[in-house]
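All remarks here apply to the structure that follows.
Just so you know, all these numbers are worked out from the coordinates, no wet-lab data involved. Given the structure is predicted, the values throughout are model-derived calculations rather than measurements. Note that each Cβ is placed from the backbone with ideal geometry, even for glycine, and that neighbours are counted across all protein chains shown.
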Amino acid sequence: MTAPIKLLAICGSTRQSSSNHHLIRAITELSAGIFAVQQLETLTDIPHFNPDLDMDPGAAPAPVQHFRALLAAAGAVLICTPEYAIGVPGTLKNAIDWTVSSMHFSQKPVALITAGTSGYKAHQSLLGTLLIIESKIAADAQLVIPSVKTKVSSNGLITDEATETQVRKLIRALAGVATDEEAHLLPAPALF
């Protein structure tokens, strides 16, 4: 039996009682034995992106270095995020911006779930960002969950059968990419 894959879970919501936090809790339970989940707890500690603070190796602010170290140690990454004003939450996009020059998402297996009232616009935007910075995302490792409050309970249970089926499929797809199994990876978006 192989050891569980280290999975870094990143919640795009800063609310501790958000549906996306509840969803991460549900995924932690559903993926037990496959993934050892560690949730990023310091998203709001990461300062505004400023490349001038990252000019020399090891010069990035301490919260950025901590985030990068967690990414480096992870065998895979799960991002669960809401959509804010049809866009990606600023704190999440800010954290990802700090990894562009360091390439911590490059060739990293990633699963993306956008869960909110709708989510489609933010999902496409963030998916494009992750693919352009070379994340490895399988077609089945990305998912939009609209009307999430009717599908995930506050105690971390997925209450909608179709959603649970999709999430289980996402878990399998991410594990497949993380263990180098054959997977249909999404291509990087065209720049023009």
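Remarks
- Modelled spin-label separation between T159 and M55, with each label point placed 7 Å from Cα along the Cα-to-Cβ direction: 5.4 nm.
- In nm, spacing of pseudo-spin labels at K169 and S101 (7 Å Cα→C-beta vector): 4.1 nm
- Gain on full extension, evaluated as 0.36 nm per residue between E181 and A73 minus their Cα-Cα distance, stands at 36.9 nm.
- Structure-based [θ]222 nm, the chain - -39500 (n - 2.57) summed over DSSP H runs of at least 4, per residue, nearest 500: -10500 deg cm²/dmol
- The slack in the chain from Q16 to K121, taken as 0.36 nm per residue of separation less the alpha-carbon distance, amounts to 35.5 nm.
- Within straight-line cross-link reach of K6, lysines at Cα separation under 26 Å, skipping those fewer than 8 residues along the same chain: K93, K108, K136, K169
- Cα long-axis angle, helix 161-178 against the chain (0 to 90 degrees, to the nearest 10): 40 degrees
- The separation of region 1-47 from region 69-128, counted between C-alpha centres, amounts to 13 Å.
- At 0.890 mPa s and 25 °C, Stokes D of the chain from Kirkwood alpha-carbon radius, µm² per second: 147 µm²/s
- Efficiency of FRET from Cβ geometry, A188 and A32, R₀ 22 Å, rounded to 0.05: 0.10
- Using Cβ point charges alone (K and R +1, D and E -1), the dipole size of the chain about the Cα centre works out to roughly 360 debye.
- With Cα atoms as the point set, the radius of gyration and Dmax of region 146-192 evaluate to 14.8, 44 Å.
- All aspartates and glutamates inside 14 Å of K151 as judged from Cα atoms, apart from same-chain residues fewer than 8 positions distant: D160, E161, E164
- Here the 3J(HN,Hα) profile of region 109-125, calculated from phi with Karplus coefficients 6.51, -1.76 and 1.60 at θ = phi - 60°, is x, 9, 10, 10, 10, 10, 10, x, 5, 10, x, 5, 5, 4, 4, 4, 5 Hz, Gly and Pro shown as x.
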